[in-house]
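A quick write-up on the structure given underneath.
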Amino acid sequence: MSGPTITASNPRERADLLRRSLRIDSGGTAAFGVVMLVGGQWLAAPLGLPSAWFLPIGIAMLGGAAALGLIAGYPEIPSRLAGSAIAGNALSGAVILPLTFTGVLPLTGLGVAFMLAGAAWVITFAALGFAGLRHSRSRGTAQRGHSHGNVAPGGTTHT
């Protein structure tokens, strides 16, 4: 039994890697945001995270999820927006890992696992997004939507 891979063998799947990774990242980020908002009062002590962090992080996660979903919805995904999503994920990973290991936060064992799972998520989607963007650039085309009726904000498309 083999696990998922970053690159796909089917050319159409490779072409859709950027869009699919943005959509999955959007959904996961939204779910994480809801967990942060709803579970904050119960999760603070078991994780060792400051309870005051849950509300702003949850709101930011929902905003990020909406942005990722909007970017994925463009008929042609603008490279600069895809790059922003990739950079946001990479930056998040670069912040989460030091917070996990420097002792700045009084994390419990469960809190360390929680932070590492978050870092793994954002680093994985930074890599998937980068691979998808690189592939779309090497083909000389932007990611095109399939028959989903996607319309870019303002009815325009950008590359």
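Tell me the label-point distance for the pair Val38, Ile59, using the 7 Å Cα-to-Cβ offset, in nm and rounded to one decimal.
Rounded to a tenth, the inter-label distance reads 2.0 nm.
Name all residues of region 112-131 having a backbone nitrogen under 12 Å from the label point set 7 Å from the Cα of Phe101 along its Cα→Cβ direction, giving them as ranges.
Only 116 fall inside the zone, counting backbone N under 12 Å.
How much length is gained on full extension from Ala94 to Ala113, taking 0.36 nm per residue of separation minus their Cα-Cα distance?
5.2 nm
Please list, in order along region 52-61, the HN-Hα scalar couplings obtained from phi with the Karplus expression 6.51 cos²θ - 1.76 cosθ + 1.60 (θ = phi - 60°), rounded to whole Hz, x for Gly and Pro.
Per-residue couplings from phi come out as 5, 7, 5, 5, x, 5, x, 5, 4, 5 Hz.
Go ahead and run the numbers for FRET between Ser51 and Arg20, Cβ-Cβ distance against an R0 of 25 Å, rounding to 0.05.
After rounding to 0.05, the efficiency reads 0.10.
Under the classification rounded if a/c is under 1.5, otherwise prolate if a/b is larger than b/c and oblate if not, where does region 38-140 fall, given a ≥ b ≥ c as square roots of the Cα gyration tensor eigenvalues?
prolate
Taken together, the values in this text are just the output of simple stated rules run on the coordinates, not laboratory data. What you are looking at is a predicted structure, and each value in this text was computed from that prediction instead of being measured. Virtual Cβ from ideal backbone geometry, glycine too; neighbours counted across all protein chains shown.
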